[in-house]
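**Student:** Submitted below is the structure of interest, expressed as structure tokens.
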Amino acid sequence: MKVIASIQDMTRFSQTLRIQNQTIAFVPTMGFLHDGHLTLMKEGKKRADHLVVSIFVNPAQFGPTEDFSTYPRALAQDLEQCRQVGASAVFTPSEAQMYPSGFETYVGLEKLPFHLCGLSRPAFFRGVATVVTKLFNIVRPHYALFGEKDFQQLAVIQRLVRDLNFDIDIVGVPIVREPDGLAMSSRNKYLSPDQRPCALLLHQCLETIEKMVRQGETDAGKLQDQAEKILASVPDMRVDYVSICDPETLEPVPVIAGKVLCAMAVWLGKTRLIDNRVMGPRT
Ligand code: AMP
């Protein structure tokens, strides 16, 4: 497995594979890898001749008061995991290479970022769309895999690829959970032993809401109230949003007639947690 730090070397590596008619699957990450990331990587291996993983904590997607400097990092351990999965290369660019002085071009979407997480993290999707565009141009993959855990991010990337004519197949991978249901996340490391059981509430809340929808509840307002009531049962938890929305446009849906996305974000102490599920009435 090659560990590639320079942009030029990364592009050269991909070009060599492409000339040999070899296909490339790409998994962009911010490192501190867990089974969620590994599932994306294994899925990528199934689809293409070569797997390329990037590890880059992207400063452009963090707000000024967010956890960029404390975001967990464990490069040696991450590289070992990539090796075990059978990645052909891991791209580990520096911040100075990705955003050299004078950098001023950002990629922004008009509508999708102004829902869900974008409301409380205004710079986030601009940062994500920009870094993913750059990584796509550098790595030049045939496939790129993203987790449904970050549902809005996946929607943004799918839109971006269609709108800007990237010739890349975007593959969404279902959420990987801990045995008790908590969605895996690098940020789970921040949770104290006391907070860890409370974090389960998101998953439990999604289960309850899905059950209500399957039993015929169509009033999104009622579902939202119920979800907020469940999440409010932990004093240390603050709801950022609960949304019942269209899975493609992310626009709120007042009355449930078909498939909807139920997405939520909470603060548990200083840790922000997200979870979601696509659900619909029993057919
Ligand atoms: P991150 O390192 O958090 O930026 O995540 C890199 C990729 O892994 C993104 O496409 C995430 O959606 C995906 N991912 C993170 N956690 C999970 C999970 N629990 N299940 C599935 N995909 C995940």
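**Student:** In the stretch 173-184, how many residues are under 16 Å from the mean Cα position of the chain (by Cα) and open to solvent by less than 30 Å² (accessible area, probe 1.4 Å)?
**Tutor:** Of the residues in the stretch 173-184, 4 are under 16 Å from the mean Cα position of the chain (by Cα) and open to solvent by less than 30 Å² (accessible area, probe 1.4 Å).
**Student:** I'm trying to understand the selection: among the residues of the stretch 15-42, which are in contact with a Phe, Trp or Tyr (Cβ under 9 Å, 6 or more places away or on another chain), over 14 Å from residue 79 (Cα atoms) and surrounded by 17 or more Cβ atoms within 10 Å (Cβ to Cβ)? If you could, list the steps in order and put the result at the bottom.
**Tutor:** First, pick out the residues of the stretch 15-42 that are in contact with a Phe, Trp or Tyr (Cβ under 9 Å, 6 or more places away or on another chain): 23-32, 40.
Applying the additional criterion that residues be over 14 Å from residue 79 (Cα atoms) yields 23-26, 40.
Correct list: 24, 25, 26, 40.
**Student:** Can I ask one more? So, in the stretch 160-201, exactly how many residues are farther than 30 Å from residue 136 by Cα, of a type in the set (A, V, I, L, M) and more than 12 Å from the ligand (Cβ to nearest atom)?
**Tutor:** 4
**Student:** Would you mind finding the one in 33, 51 that is over 27 Å from residue 181 (Cα atoms) and either in a loop (DSSP other than H, G, I, E, B) or within 16 Å of the ligand (Cβ to nearest atom) (or both)?
**Tutor:** Values: 33 fails: over 27 Å from residue 181 (Cα atoms).
Unique residue meeting the criteria: 51.
**Student:** Kindly evaluate residue 93 against the criterion of being assigned to a loop (DSSP other than H, G, I, E, B), in contact (Cβ under 8 Å) with a residue 60 or more places away in the chain, in contact with a Ser or Thr (Cβ under 8 Å, 6 or more places away or on another chain) and surrounded by fewer than 18 Cβ atoms within 10 Å (Cβ to Cβ). I'd like the intermediate steps shown before the answer.
**Tutor:** Numbers: assigned to a loop (DSSP other than H, G, I, E, B): yes; in contact (Cβ under 8 Å) with a residue 60 or more places away in the chain: yes; in contact with a Ser or Thr (Cβ under 8 Å, 6 or more places away or on another chain): yes; surrounded by fewer than 18 Cβ atoms within 10 Å (Cβ to Cβ): no.
Criteria not met by residue 93.
**Student:** Applying the selection to the stretch 182-203, what residues are farther than 23 Å from residue 145 by Cβ and not in a helix (DSSP H, G or I)?
**Tutor:** Answer for the stretch 182-203, where residues must be farther than 23 Å from residue 145 by Cβ and not in a helix (DSSP H, G or I): 191, 192, 193, 194, 200.
**Student:** A further question follows. When you go through 144, 155 one by one, which is the residue that is closer than 26 Å to residue 4 by Cα, within 14 Å of the ligand (Cβ to nearest atom), open to solvent by less than 30 Å² (accessible area, probe 1.4 Å) and outside any loop (DSSP other than H, G, I, E, B)?
**Tutor:** Values: 155 fails: closer than 26 Å to residue 4 by Cα.
Exactly one of 144, 155 is closer than 26 Å to residue 4 by Cα, within 14 Å of the ligand (Cβ to nearest atom), open to solvent by less than 30 Å² (accessible area, probe 1.4 Å) and outside any loop (DSSP other than H, G, I, E, B), namely 144.
**Student:** Find all pairs meeting these conditions: Cβ atoms under 7 angstrom apart; at least six residues apart or on different chains; first residue within the stretch 58-79 and over 18 Å from residue 33 (Cβ atoms); second residue of a type in the set (D, E, K, R) and assigned to a loop (DSSP other than H, G, I, E, B).
**Tutor:** Once the first residue is over 18 Å from residue 33 (Cβ atoms) and sits in the stretch 58-79, its partners that are of a type in the set (D, E, K, R) and assigned to a loop (DSSP other than H, G, I, E, B) give 63/121.
**Student:** Next up: Do any residues in the stretch 146-171 that are without any contact (Cβ under 8 Å) to a residue 24 or more places away in the chain have Cβ atoms under 7 Å from those of residues that are aliphatic (A, V, I, L, M) and part of a helix (DSSP H, G or I), where the two are at least six apart or on different chains, and which pairs are they?
**Tutor:** none
The values are calculated or read from the model by the stated rules, or taken from the named source; none is laboratory data. Note that the structure is a prediction, hence the values are computed from the model and not measured. Note that each Cβ is placed from the backbone with ideal geometry, even for glycine, and that neighbours are counted across all protein chains shown. For accessibility, only protein heavy atoms count, side chains too; no ligands or nucleic acids. Shrake-Rupley method; radii C 1.70, N 1.55, O 1.52, S 1.80 Å.
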